[in-house]
Amino acid sequence: MTDLRVGPLLRYVDGSSATVWVETSRPCTAEVRCSDGTGGEAPTFQIAGHYYALVPVDGLAPGTERSYEVFLDGTRVWPLPDSPFPPSVIHTPTEEAPVRVAFGSCRWAAPPDGEQDPVGPDALDTLASRIAAEPEGERPDVLVLLGDQVYADETSPATQRWLAARRDLSDPPGDQVADYEEYTHLYYESWLDPEVRWLLSTVPSCMIFDDHDVIDDWNTSAAWVEDMRTLSWWRERLLSGLMSYWVYQHLGNLPPAELAADPLYAAVRRSPDGTDELRAFACRAEADAASVRWSYRRDFGRVRLLMVDSRAARVLDEENRSMLNPGEAEWLREQALAERSSYDHLLLGTSLPWLLPHLVHHAEAWDAALCRGERGARWARFGEDLRRKADLEHWAAFPESFTALADLIAEVGSGPEAPATVLVLSGDVHHAYVAEPQWYTGGPDARVLQLTCSPVHNSVPSYIRFGFRFGWSATARALGRGLARHGRCARPPVSWRHTGGPWFGNQLMTLTLSGRSARLRLDHARESGEGVTRLVTISDSELTGGSGREASPTTRPDSDTLSVGRRAGESRFHVRLRVKRKGRQRQSGG
């Protein structure tokens with residue numbers, strides 16, 4: 001009998017179609033059967049001894065919802081026997097319906113049941129429990145995961161034990177993952193968490209990688225790349241990371257029409273074993289980042305999401321340093337400006353924040369100037385060392401790209417076809433905040449905000465918390481200006497201020513976009529009495545359509561939040577809502 005190894009993951013959904021991703025234990029035909037009689041099927045394809053299918057479901061009616069089941073060679077494998085969760089559903093939107101976008105980044109896999117969790121409740125676990133307890137209540141229309149879905153360089157104790165049974169951990173890369181098979185284990189650990197598995201089966205998702213999906217500070221600089229290429233284990237790690245990302249994350253991001261036209265997807269599906277084809281693709285991506293596009297566009301009614309690859313698409317030559325290579329930058333511009341009248345809100349998803357606390361921004365721009373040689377060779381060596389140690393590699397560390405993005409946002413957000421908002425969604429920095437830019441000249445008509453939300457499930461040391469709070473202060477701004485003068489840095493085209501945060505903890509942001517109005521909510525996952533976890537609303541802000549252009553965050557007391565705690569027998573569905581006491585002793589990642 002063929003088993004369902006991972007999934008199902010509900011990935012792409014529009015008004016008439018959907019895709020459902022699965023991994024199976026053997027080659028088979030995967031089938032999705034919906035309660036309204038619609039469905040679809042697809043044969044599995046093979047990569048490195050693993051079997052996958054992305055099942056298209058067509059003929060869906062807009063504005064409707066149906067539950068679905070998954071069959072492998074005619075045998076039902078989803079829902080799982082004795083599942084405590086409600087049925088997984090596919091909801092197809094309409095053009096006019098409000099769109100709820102939940103987003104965040106940086107999630108350590110949840111430890112096993114019965115173990116204490118020192119970093120607190122997992123926000124995705126808690127969201128799943130809330131939705132399961134109130135199936136007819138509010139739920140996101142899409143979950144946007146902005147990087148570090150898995151941590152290849154910071155493995156859990158359980159994974160380290162699994163690795164030790166497979167190979168000698170005294171050999172490099174030690175307790176980090178080394179190859180494709182070990183990457184699959186990371187996804188099993190993360191996506192087989194019962195709450196998260198059910199959540200991903202019933203809420204569509206969009207994903208993009210960040211550094212820890214491969215390694216901390218991936219593609220920081222040209223010198224960093226050259227150093228990594230001298231390590232015996234690095235090439236296999238990078239190729240395996242790209243291959244596994246394509247299978248587990250990237251394929252499901254794409255609309256069916258793009259999938260049908262994708263030559264690699266066609267080649268992999270034609271072949272009895274697509275490993276060689278996929279590995280050749282990863283080799284090309286490693287050798288020439290411009291030959292591959294990981295960025296993509298998704299439209300949700302009158303909301304456009306452009307997910308931007310701000311890791312692999314970089315140009316790292318110090319004299320031509322850019323966050324996006326020319327082809328990627330042109331793609332972003334074309335997608336943002338195309339048919340502006342067809343969308344009311346533009347979401348720019350980039351794992352790395354565009355606007356940072358002022359001191360951090362100026363430090364990154366100063367460091368980039370040093371590395372470029374603005375103050376001579378000795379300062380350049382100091383700058384490269386500092387860049388790696390302090391993770392100075394966000395948009396501010398690519399000053400021309402920072403300015404280019406500001407110019408593009410101003411162009412997109414201006415004129416009679418301007419959207420109501422241009423919102424930059426980011427993660428990475430293990431805290432949440434809202435920042436609003438102001439252009440010195442030629443500012444847009446649209447409301448522009450940097451919305452940063454991280455982590456979903458991770459931690460940040462107290463000294464880092466202090467640093468980010470201090471980074472917004474007037475004193476820090478003055479220090480930053482001093483660094484900028486020393487580096488002879490050009491003034492950025494915008495100034496900005498933080499209008500919300502910083503907030504720390506395991507959290508998710510949710511945008512509700514309706515017509516030309518926009519609302520933002522920040523929820524923390526917290527444990528209350530009797531081992532119950534719930535999402536506590538920390539801030540609820542009207543971005544447009546409210547009282548003027550100013551966001552007006554309001555802090556809500558716990559009594560106004562949605563509790564997910566229920567005892568067995570208190571609901572139609574018996575859902576495991578007691579907090580999982582789990583644990584993993586680690587230090588914070590990037």
Take the Cβ-Cβ distance between Asp299 and Glu417 as r, set R0 to 25 Å, and report the resulting FRET efficiency rounded to the nearest 0.05.
0.95
Label-point separation (nm) for Arg488 and Leu231, each offset 7 Å from Cα along Cα-to-Cβ?
3.5 nm
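Given Cα pairs under 8 Å that are at least 6 residues apart, what percent is the relative contact order of region 430-497?
Details: 51 pairs, mean separation 32.0, N = 68.
Across region 430-497, relative contact order equals 47 percent.
Pairs of alpha-carbon atoms within less than 8 angstrom and 6+ residues apart define the contacts here; what relative contact order does the chain have, in percent? Before the final figure, lay out each step's value.
Details: 1334 pairs, mean separation 99.5, N = 590.
Dividing the mean separation by the residue count of the chain yields 17 percent.
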Roughly speaking, what is the stretch gain from Glu134 to Glu115, that is 0.36 nm per residue apart minus the C-alpha to C-alpha distance, in nm to one decimal?
4.2 nm
Protection proxy (average C-beta count within 10 Å per residue), highest first, orders 478-484, 416-422, 363-369 as 363-369, 416-422, 478-484
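Can you pull out the trypsin sites (Lys or Arg not before Pro) in region 115-193 that DSSP calls coil and that have at most 16 other Cβ atoms within 10 Å?
Numbers: sites: Arg130, Arg161, Arg166, Arg167; in loops: Arg167.
For trypsin sites (Lys or Arg not before Pro) across region 115-193 that sit outside H, G, I, E and B with at most 16 neighbouring Cβ atoms in 10 Å, the list reads Arg167.
Could you rank the peptides 527-536, 230-239 by their average count of other C-beta atoms within 10 Å per residue, with the highest value first? Display every interim value, and only then the final one.
Values: 527-536: 17.4, 230-239: 15.3.
So the peptides 527-536, 230-239, ranked by packing, come out 527-536, 230-239.
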Order of 293-303, 486-496 by packing, highest average Cβ count within 10 Å first?
293-303, 486-496
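Please work out how much length the chain gains when fully extended from Ala474 to Asp168, using 0.36 nm per residue of separation minus the C-alpha to C-alpha distance, in nm with one decimal. Don't skip to the end; give the middle numbers.
Numbers: separation 306, 0.36 × 306 = 110.16 nm, distance 5.14 nm.
That pair, Ala474 and Asp168, stretches by 105.0 nm at full extension.
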FRET efficiency, Ser35 to Asp276 (Cβ-Cβ, R0 60 Å, nearest 0.05)
0.90
Once the dipole of the chain is set up from charges on Cβ (+1 Lys and Arg, -1 Asp and Glu), the residue from the list Trp21, Thr350, Thr2 lying farthest towards its positive end is Thr350
Cβ-placed point charges (K, R +1; D, E -1), dipole of region 280-417 about Cα centre in debye, nearest 20
320 debye
Electrostatic dipole magnitude of the chain [Cβ: Lys, Arg +1; Asp, Glu -1; Cα centre; debye, to 20]
1360 debye
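Give me the extension gain from Tyr188 to Leu80: residue separation times 0.36 nm, minus the current Cα-Cα distance, reported in nm with one decimal. Show your work: numbers first, answer last.
Values: separation 108, 0.36 × 108 = 38.88 nm, distance 1.62 nm.
Contour length minus the Cα-Cα distance gives 37.3 nm.
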Between beta-carbons, use under 12 Å as the cut-off and find the net charge around Ser240, counting Lys and Arg +1, Asp and Glu -1.
-3
Long-range amide H contacts for Thr499: which residues qualify at under 5 Å (H placed 1.01 Å from N, peptide plane, sequence gap of 5 or more or a different chain)?
Val434, Ala435, Glu436
To the nearest Å, what is the center-to-center distance of region 407-422 and region 439-508, using C-alpha atoms only?
22 Å
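A short reminder: the numbers here are calculations on the coordinates, not readings from a lab. It should be emphasised that the depicted structure is a prediction, and the values quoted were computed from it without experimental measurement. For neighbour counting, all protein chains shown are included, and Cβ atoms are generated from backbone atoms with ideal geometry for every residue, glycine included.
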